[in-house]
């Protein structure tokens, strides 16, 4: 009895000693083994770009060259978390980080096998290994390597798992585990794996697809469905049966899961809108952001933009490309961007983002000079400016058609983009003031002084990018509110400032409205019963063609040219760029309304000729827009009293100073040779309408014909076009591809016809 009691005491003290020693050792390990929860949460994420509606459109490899997109547990769908817990760690929600029963089972298996065959790892300990152990360099190497599964490393992982469970919830542990899990090659995390193996996000995975993915965790390379489909299927099916037996799946869910096909190939990562992604990633890098990046891109608009530009390439030489962008005027968000329409076709310079390369804008910036003058009250749309020869900096600015028109209104001068009036307006508004306004609009490349640019500031003697032009035109389209363009959403526009009054911008938009601009653009280009503001630009030497177009909703700028700067005869804004800009706006904003008139824009009576408030000497008056309290009130200076009679006195600047060469060039213009002006056509007695031959000489390219302002057809150069014309007086108009126009008035008369009496009956 005494021996039995002594033996009992021995065993009690022995196991108590072992327990105390083990506890002390474990306590010491807990003190020695450190754990930083921030390291567990840290993920070297790929850049994943999403459009404004949450659709993934572009991915880039992470800093360690992996595809990895961390997502919250709530976005992993119904099945992935359930299958992961059921297969990898059935008692995950009940153990403290280590599973004692699994450890005992693994101990027996390892002793039996003579080496480690089972590690009794929980999801928590696996997370420790994936996030910490595999990230640590081995033997001084800078490259992380997977640590060997030794007793020492297992004990360390168990200790860290216990510590992690004390500071992190089960849901967060599971989320981190599924975001760190390897899936073969350089794919890590369930979201990247789902996109690259199934072509859809993790939230859309079916039960069978979830089982296939979780099955890969046992051997990411061994069970890859695109490399070893048979092994992958066997592994998936065994998991389905396992979960069905444990009533995780119903019989019907298991049956459908077993019938699902396996993916036969990996999907390519999404790489849409490459140059837009470059803009976003450069901005994100400066802010240190990565992972999921929400952007301002609208995939519908981007698709329409890409399609339209690619269509335009079919009629252009191989060395010519396009760049274009679209801005939502309400938010200043860049919603569409193509830096080079030839991107990806393997051609020279196809990778260059031409939209960020500074180029000469031609006449594209003229509205800013007129805006400044109108804002200062110096001009109204009806004010007269001189389109006559003048010298500036040793050169004389000429219009595109090499002719002058004499005295023209501001409305005509800006709508037809006349050069000499633009220079006069620039001088009137003040070059320095106009330059400051341009900089305020976002034209950052205008870094020189006003004296450096001189009068060429609004004639293309400077350089801007498509992005900058978009920002400046958006300010006009937004009625004077300038906001820096953004590629990522923000709660409120940053750096908003007013560059001009609503009234002044409204007047400029009214001038650039397409309704009355058939002298510069064909109705085919502008469309009918649809209002947009449109401005084009052509750089010196035909190296760049530009067009900016906007509605109250959207603004677009299109550039056409050679990335290397070589000229081409087709690089004319009205012909190469304007149709693209108009078609784009028509596609994305077909129902846009027009601007509401500001309260301080009023109709006032002006002299029909000078556009100034009339005097008693003015022969006639008309109504036109002005800004109340701002626009000049100086009365008409053209009509004066001479010896008690009204006389017309033209200022010297309105007299044309054309040289003989200028006169020759002016005569070389579009001319309607048929019908002859003021001709009268007699309809044949049996004709309902007279068919009139129409022919134009001196045309460049096709000729578009109009009857009383309505488009009726087109003809080739020097080709006769026939069209039926009803009775009455009519205006026949013609416009060629260079925007030159001509008109002729004709009359059609059908004389009365007396009926012959019927012959008598015999």
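Quick notes
- Qualifying residue in the range 353-372 (condition: crowded, with 20+ Cβ neighbours inside 10 Å, farther than 20 Å from residue 555 by Cα and in contact with a helix residue (DSSP H, G or I) (Cβ under 6 Å, 6 or more places away or on another chain)): yes
- Tally, over the range 418-435, of residues that are under 16 Å from residue 380 (Cα atoms) and crowded, with 21+ Cβ neighbours inside 10 Å: 6
- Number of residues in the range 228-267 that are touching a residue at least 12 places away in the same chain (Cβ under 8 Å) and assigned to a loop (DSSP other than H, G, I, E, B): the value is 10.
- Checklist (1) farther than 24 Å from residue 388 by Cα; (2) in contact with a strand residue (DSSP E or B) (Cβ under 6 Å, 6 or more places away or on another chain); (3) modelled with pLDDT under 70 applied to residue 762, failing item: (2)
- Residue selected from the range 418-459 under the condition touching a strand residue (DSSP E or B) at 6+ places or on another chain (Cβ under 7 Å) and not in a helix (DSSP H, G or I), by the criterion nearest to residue 542 (Cα to Cα): 418
- Meets criteria (part of a helix (DSSP H, G or I) and surrounded by 15 or more Cβ atoms within 10 Å (Cβ to Cβ)) for residue 327: no
- Strands (runs of 3 or more DSSP E) lying entirely in the range 539-619 (those with 3 or more residues that are surrounded by fewer than 24 Cβ atoms within 10 Å (Cβ to Cβ) and over 18 Å from the mean Cα position of the chain (by Cα)): 601-607
Let's see how each residue does on (1) without any contact (Cβ under 8 Å) to a residue 40 or more places away in the chain; (2) part of a loop (DSSP other than H, G, I, E, B); (3) surrounded by fewer than 22 Cβ atoms within 10 Å (Cβ to Cβ):
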{"residue": "277", "(1), (2), (3)": "no, no, no"}
{"residue": "301", "(1), (2), (3)": "no, no, no"}
{"residue": "307", "(1), (2), (3)": "yes, no, yes"}
{"residue": "311", "(1), (2), (3)": "yes, no, yes"}
{"residue": "319", "(1), (2), (3)": "no, yes, yes"}
{"residue": "322", "(1), (2), (3)": "no, no, no"}
{"residue": "334", "(1), (2), (3)": "no, no, no"}
{"residue": "340", "(1), (2), (3)": "no, yes, no"}
{"residue": "351", "(1), (2), (3)": "yes, yes, yes"}
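- Yes/no for residue 49 being in the same structural domain as residue 157 (by TED's automatic domain parsing), crowded, with 21+ Cβ neighbours inside 10 Å and at pLDDT 90 or above: no
- Test for residue 94: is it assigned to a loop (DSSP other than H, G, I, E, B), at pLDDT below 80, surrounded by fewer than 16 Cβ atoms within 10 Å (Cβ to Cβ) and within 57 Å of the chain's Cα centre (by Cα): no
- Residue count for the range 184-196, restricted to those that are more than 16 Å from residue 63 (Cβ to Cβ), part of a loop (DSSP other than H, G, I, E, B) and touching a residue at least 40 places away in the same chain (Cβ under 8 Å): 1
- Taken as a whole, the structure places residue 220 among residues that are under 25 Å from residue 62 (Cα atoms), part of a loop (DSSP other than H, G, I, E, B) and in contact with a strand residue (DSSP E or B) (Cβ under 9 Å, 6 or more places away or on another chain).
The values are calculated or read from the model by the stated rules, or taken from the named source; none is laboratory data. Just so it is clear, the structure is predicted and the values come from calculations on it, not from any experiment. FYI the Cβ positions are ideal-geometry reconstructions off the backbone, even for glycines, and counts take in every protein chain you see.
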